[in-house]
1. Test Ala769 against the criterion of being farther than 30 Å from Ala457 by Cα and either in a helix (DSSP H, G or I) or at pLDDT below 75 (or both), and give yes or no.
2. Which residue pairs have Cβ atoms closer than 6 Å, lie 6 or more positions apart in sequence or on different chains, and pair a first residue in the stretch 1113-1134 that is in a helix (DSSP H, G or I) with a second residue that is surrounded by 13 or more Cβ atoms within 10 Å (Cβ to Cβ) and hydroxyl-bearing (Ser, Thr, Tyr)?
3. Return the residues of the stretch 992-1018 that are polar (S, T, N, Q) and surrounded by 14 or more Cβ atoms within 10 Å (Cβ to Cβ); say none if nothing qualifies.
4. Mind checking whether some residue in the stretch 331-341 is under 30 Å from Ala807 (Cβ atoms) and at pLDDT 70 or above?
5. Can you pull out every residue in the stretch 940-953 that is over 56 Å from the mean Cα position of the chain (by Cα) and either acidic (Asp, Glu) or more than 19 Å from Val228 (Cβ to Cβ) (or both)?
6. Counting just the residues of the stretch 658-696 that are modelled with pLDDT under 80 and of a type in the set (Ser, Thr, Tyr), which one comes out nearest to the chain's Cα centre (by Cα)?
7. What single numbered condition from (1) out of contact with any Lys or Arg (no Cβ under 7 Å at 6 or more places or on another chain); (2) touching a residue at least 40 places away in the same chain (Cβ under 8 Å) fails to hold for Val891?
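The values are calculated or read from the model by the stated rules, or taken from the named source; none is laboratory data. Note that this is a predicted model, so its numbers are computed, not measured. Cβ placement follows ideal geometry from the backbone for every residue including glycine, while neighbour counts extend to all protein chains displayed.
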Amino acid sequence: MYLRRLEVHGFKAFAERQRFEFGPGMTVIAGPNGSGKSNVADALRWALGETSARQIRARTTEDIIFSGSDKRRPMGMAEVTLTLDNAEGWMPIDYSEVAVTRRAHRSGENEYAINGSQCRLGDVLDLFRQAQVGQNSYAHMSQGLVDEVLALRPQERRELIEEAADLRRHRHQLTLSERRLVETRDNLGHVRMLIREVEPRIKALQRQSRRAARYRELARELADALEVYFEAELRAAREAQTSAQARHDQRAQAFNVAREAMAGVEARLREVESVVRERRTALETAQGRERELSEEGLRLEQAVALAEQRLELLAERRTELEAALAATDLPADDASAIDATIAAFDARVVESQTALARAREALTSADEATRGVLRELAEAEARRARLEAEADDTQRRIVEAQRRAEQRAADRAAAGDERTMLLATATEQEALLARHQQEAQALDDALRLTRERRESAERRLEEEQRAQQAAQDALVGLESHLAQVEDRLRLIEMLRDSVPAGSTGTEALIEAGRTKFLNPEEGLSGIVDAVSRLIRVPEGLEAAIEAALAEFLGAVVVESYDDAIAAVAYLREQGAGVATVLPLQGMEPKYPLNLFNERGVVGIASRLVRCDQKMRPLVDTLLGRVIVVEDLRVAEQMITRGLGSVVTRDGILLRPGGAVYGGRTSGADGTERFSLQRELDALPAQMDEARATIEPAQIRVAHAAEIVADARDAVTQARRAVDEATERRRQHDVARSAVERRQTEITAELRAVELRLQPQADEADAGLAERLNAARAAVTEVAARIAEIRDRSEAVGAERDAAAERATLATQSLAGTEAERRALAAQRDERVAARRAALELVTKQRESLDAIRREQEDLHLTLRDRRERLANNRSLRTEAQAVVGPAHAAVAELAEEERMLSAARGDQHRALLATEREMLESEHGLRQTAEHVTKLLEEIETEGMVVQPDGTVTPLNPLSVPMSMVSDDDGVQTGLELPEPVRGGAELVLEDVRTRIGDLRSEIRSLGPVNVEAVEDLASEEERYTFLSTQVADLEAAEVELREAIRDLKKLIRVRFIETFEVVNERFGEYFRRFFGGGQAELRLIVPEEVEGEEQEREAGVEIMAQPPGKRINSLAVLSGGERSMTSVALLFALLSVNPAPVVVLDEVDAALDEANVGRFVDTLLELRERTQFVVISHNRRTIEAADAIYGLSMGDDSTSQVLSLRLADLPKAG
């Protein structure tokens, strides 16, 4: 078994994940038309790596993804997993089970996986190609393929035989070999062309190598001369540097001596200043001590005086207190008599309280009796009121009973009429309810339609919004581009202004011209601008025009000759440098050359640049006689004609007379200025172009906004329509509910009317008269009881008034007694308080007297102590005054010494400045000698030399030994005898060395352009020539091998094809006779006619000859539909029998067969299923009965395929 299962999810109609299990033998998929049977075959083919949408009945990737239905949303992807059994290892992968997954998204992206690992489509195809799964075109047979087999051309039919012969891989190898043969021929031609290109270059390099050898000899001699020259110059410079260093060291030593003397004076001055500060500090301390002692003595004198005054005051206060204590008289203590009187009043209060309590108890009893009588009276009156109300109610009910009897009679008559009317209304309500149900269905349909319109409008709004966003993004991009161009314009303008137009003099004149423009009273008039800013140079000619202008590149253009003179005078007065000034008026004009087009000549320089018409005469004068050419070789030829100066594109200017101008400055040059100006001229056009594109983009954005607004309005209208439809549905539900409620009310009213129509008994109205008489008798009895209670209430009230009077008298007696007692108690408290106050006063006076005595004793002691301290203070103050005088004299002496040291420091400082000046002068001389040495070292480095530690100068990269060659072509002799290198000690004359160096440089220049690397280039090119020659031999050998391989492959294909063709032809005849019950059929090889102009070998095609039994036909076109189907099936089965495919899918192949041929078809399938696993899609009952497993498919209500499986082997056997 090869195919184990198939899982599909989201593929076409399989919205739900479906799983198909396949066993050995034949699996049949059945179902009605449109249920999705062929989708299973498409899923198999798609999972096997099919890339043609037409082969799986689709146009785009989105067509294979479930697109949704009324009840299901569309899906975003489709996924198919194909699981194959690899237990026998028939697939080239180390898994017993291989699961290949393919997943497609609506964006068009496809994903592939083998056993869950991500891979590429090529990996899947290689796996199936090596396993020969699904690679044969007859492995997927559909009804369309059956019809196409007979309609194929002979050459196309030949491919079926080749597939059966397993020639596809050989055919693939043949194609690769033929392609490699073509590539080998192309490579061979390319290598031979390279050899033809290399040969002349080798000859040229041979000539250049001889010139390079001569150049190297001269360069080596020049290097020797430079070594001697630089060694002598460097030695002299270093000796001068050493002398300057010694002189500088002497001056520095004198400076250090002066600085040390200065430091000694300053140190002594600092010591004196320190002693002066210490002495002054001591003087200030002594003076401060004297002031403190004076202040302390003053404080002590004041404290003694205050203490004496305080003693006098305390003596007077003591005398007063002693006199007051002697005159004090205390009140008598009579509180015990007053307490006895209060006790008598307390006994009277107790008696009065006891009498009051008895009176209040009697009053309470009287109150209780009165309240009881009043309650009985209220209850009796209430009962009489109830009885009277009951009598009145009974009388009313008697009257109502009489009225109800009359009403019931009239009501039964009205209820009959109302019942008839309600029955009619109920019938109408039922009809109205049925109509409402129909209207509800119509409203639901309308609501669904409006919701669909709303969703459609919302989708359109989303699409338009995306389009608007895209237009907005495009507009933002254009605006960003415009902003970038504007920023670039500002940057270029800034760079142009920052690049100097020429020398400092040029910049000074241009700045003076700007000043004149801004302020007419200052600056210079008539200044136009620098030449480099007034011309426009085409791209690629910047270096040429820069060299052609030479010293005029930074010249300043002015209006007239007077302006030029004024400009030069301005530079001289301001000391602002020098500049070339070109007046527009006053210069002798020169007309440009007229030169015909020649090879290598670009043109006249003045004609190649652009400028204002006003500047044209000046430009013709400067550049009219300068010829621009491509390279130096053309320039050398042109200069000999004497037409004027010649400049190359790369900036080498040859002038008549032999002068050469060229090179490149280290800073900003004319090339940069010309490029900036050219870009500055082009940017406005770019800005205009950007603005021109922005306006249509803005229009598109506005248009998109309008469309979005319309779409939003449509969405709003659609939503409003949905809301209105929803509201109508709600209102309809409300109306329907009202109808249902009305119907319920009518039913309830009918039940009530039925009750009203039933007869009612009048037992409730019987006995009302007896109840009325009994109520009136009870009222009479209660009235008598009320009169009795009122009499008793008057007696109880009189008793209660007497008890209240007794309680009032007892209360008054108790109050009087308590008032008298409180008065006696207050009198006693006043006398006790007066005695206590007198005692407290005496106590305070005695305490004050004791405090005065103690304070007098303390003051005597304090006064004695302060008098002693005052005496000590006076002696210390005398001693401090004796110290201050000598300290003043010492400070004055030190101050004089400090002044003298300051004067000495000034003298030493002037001497120090003089020695420092001499040291700086010597340092300047030392710096000059060092700079001279550094300059020599830089020149040595520039010449490509290096100074050794011993002072000798040697080349950094020594040239190789000169080659001894003689060139007849160039006339350069390289075997000349050169003089010995100029070296030596005392006999060396530097002037002769300089002269020899100049001669050598002139001779090197006379050689012209020299390719110094020509020798190495020649070796490299010769090595390349040898390599290419070897490649030619290898490619020729490879071509022979490929031709032999192609011949062998063609022979193998031809032999294998003939063998397979004979077997297929034999099987085709057998199956044909089986299906038709006789007749004959065969395959014939047809060699196509040769077409003029075609050299490719044409292979024979396959033609089908078929003769059903009893018929004689000359063309397959006359066969009936069933005969054509059987003929095609016979051929396909013949192919399968020769080269069985592991898995074959048959999609309704038996649709055109009759019952008898279906039986033969099924029998043939049963024979072939031993080596091939069949998946058959069929409607035919015979085919379904022969299946080992059956899957039934049907289309559900949600437009998705539903699957039901059945394995016949699992069914119970009959009988």
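1. Working: farther than 30 Å from Ala457 by Cα: yes; either in a helix (DSSP H, G or I) or at pLDDT below 75 (or both): yes.
When the stated conditions are applied, Ala769 passes them.
2. Ala1130/Tyr1071; Leu1132/Tyr138; Phe1133/Tyr1071; Phe1133/Thr1164; Ala1134/Tyr1071
3. Initially, the stretch 992-1018 is screened for residues polar (S, T, N, Q), giving 995, 1002, 1006, 1011.
Result: Asn1011, single match.
4. Pass one, the stretch 331-341, residues under 30 Å from Ala807 (Cβ atoms): 341.
Okay, now just the ones that are also at pLDDT 70 or above, so 341.
Yes; the residues of the stretch 331-341 include at least one that is under 30 Å from Ala807 (Cβ atoms) and at pLDDT 70 or above.
5. Passing the criteria: only Asp950.
6. Across the stretch 658-696, the extreme among qualifying residues is Ser675.
7. Every listed condition holds for Val891 apart from (1).
One line per residue, one yes/no per condition, for (1) within 47 Å of the chain's Cα centre (by Cα); (2) under 16 Å from Val1145 (Cβ atoms); (3) not assigned by TED's automatic domain parsing to the domain that holds Glu97:
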| site | (1), (2), (3) |
| --- | --- |
| Arg5 | yes, yes, no |
| Ala13 | yes, no, no |
| Gly25 | no, yes, no |
| Gly31 | no, yes, no |
